[in-house]
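This is the structure I have questions about; it appears just below.
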Amino acid sequence: MPSNIEIKAKVNRPRALEELARQRSDGSAEVLHQDDTFFHCTNGRLKLRDFGNGRGELIAYRRADQAGPKTSRYSISPTDDPAGLRTTLSESLGILGRVRKRRLLLMAGRTRIHLDEVEGLGSFMELEVVLAPGESEAEGVREADELMQALGIEPADLIEGAYLDLLLTSERR
């Protein structure tokens, strides 16, 4: 199963962070609109990502809910019928929640920098350092730490869980 080292942080100054991320980037940015539906499952998380253009991805993943760099193991299956797949999965598993976001994707070497505007939550940043097969997690953590420092991400900005967790917590209040 492929893996990466991931961090997620709340962003207080999104324009300033975007400028720093563009300076670190290897190329142009890509804007993505993502509608993620999370389903009940017994092992890890299962979400269907709909890109709004007839394409989507079913993503199963496991990662610790902790602040700071963490290992995420995942499996991705593309689909040309995200709406139909959402219906089938919701009827069999039930929907846990939904996260809609606008994502600006930049690449810095093998690291994906995501600058996200999450509906109902605000501005966030994710780093995903894609690990090579057999590569140590420590090397990915080192790379994530270096990029966090370069982007001015403070330990206090780091968040533990998924956007879905934050939305569900805010709905309970």
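If packing is taken as the average number of other Cβ atoms within 10 Å across a peptide's residues, how do 133-143, 37-47 rank, most packed first?
Per-residue Cβ counts within 10 Å, averaged per peptide and sorted highest first, yield 37-47, 133-143.
List, in order, the whole-Hz ³J(HN,Hα) value for each residue of segment 65-71 obtained from phi through the Karplus relation with A = 6.51, B = -1.76, C = 1.60 and θ = phi - 60°; use x for Gly and Pro.
8, 9, 6, x, x, 9, 7
Also: May I ask you to list the aspartates and glutamates whose Cα is less than 12 Å away from that of K47, ignoring any residue fewer than eight positions away on the same chain?
Candidates past the 8-residue exclusion: D35, D36, E57.
Might you report the magnitude of the Cβ-based charge dipole of segment 26-85 about its Cα centre, with Lys and Arg at +1 and Asp and Glu at -1, to the nearest 20 debye?
Taking the Cα centre of segment 26-85 as origin, the dipole is about 420 debye.
Moving on. What is the extension gain from D165 to A138, computed as 0.36 nm multiplied by their sequence separation minus the C-alpha to C-alpha distance, in nm to one decimal?
Separation in residues times 0.36 nm, less the Cα-Cα distance, equals 7.1 nm.
If I fit a long axis through the Cα atoms of helix 82-93 and take the longest principal axis of the Cα atoms of the chain, what angle between them do I get, 0 to 90°, rounded to 10?
70
I need the phi-derived Karplus couplings for segment 30-37: 6.51 cos²θ - 1.76 cosθ + 1.60, θ = phi - 60°, integer Hz, Gly and Pro marked x.
10, 9, 10, 10, 10, 10, 9, 9
Please list, in order along segment 126-141, the HN-Hα scalar couplings obtained from phi with the Karplus expression 6.51 cos²θ - 1.76 cosθ + 1.60 (θ = phi - 60°), rounded to whole Hz, x for Gly and Pro.
3J(HN,Hα) across segment 126-141, in whole Hz: 10, 10, 10, 8, 6, 8, 6, x, x, 6, 6, 5, 4, 5, x, 5.
Just round it to a whole percent: the fraction of Cα-Cα distances in the chain exceeding 27 Å. Please report the intermediate quantities before stating the final value.
Values: 3626 of 14878 pairs.
For the chain, the share of Cα pairs beyond 27 Å comes to 24 percent.
How much of the pair distance distribution for segment 15-63 lies past 18 Å, counting alpha-carbon pairs only, in percent?
53
Something else: Under a Cβ-only charge scheme (Lys and Arg +1, Asp and Glu -1), can you give me the dipole magnitude of segment 64-173 about the Cα centre, in debye to the nearest 20?
In debye, rounded to 20, segment 64-173 gives about 360.
Could you tell me how far the Cα centroid of segment 93-156 sits from the Cα centroid of segment 35-59, in Å?
Using only Cα atoms, the two centres lie 17 Å from each other.
Okay, moving on. Once both axes come from the Cα atoms, what is the angle between helix 163-172 and the longest principal axis of the chain, in degrees from 0 to 90, rounded to 10?
70
Select from P14, F38, S3 the residue farthest towards the positive end of the dipole of the chain; place +1 on Cβ of Lys and Arg, -1 on Cβ of Asp and Glu, and compute about the Cα centre.
Farthest towards the positive end: F38.
Same structure, new question: Search the structure for amide H atoms under 5 Å from the amide H of L131, placed 1.01 Å from N in the peptide plane, and list their residues when 5 or more places away or on another chain.
Amide H to amide H, under 5 Å and 5 or more residues apart or across chains, L131 pairs with S3, N4, I5.
In degrees between 0 and 90, to the nearest 10, how far off the longest principal axis of the chain does helix 14-24 point, with axes built from Cα atoms?
Value to nearest ten degrees: 70.
Only the coordinates and a few stated rules stand behind these numbers; no lab work does. Computed from a predicted model, the values in this text were never measured in an experiment. Please note: Cβ atoms are built from the backbone with ideal geometry, for glycine as well, and neighbour counts cover all protein chains shown.
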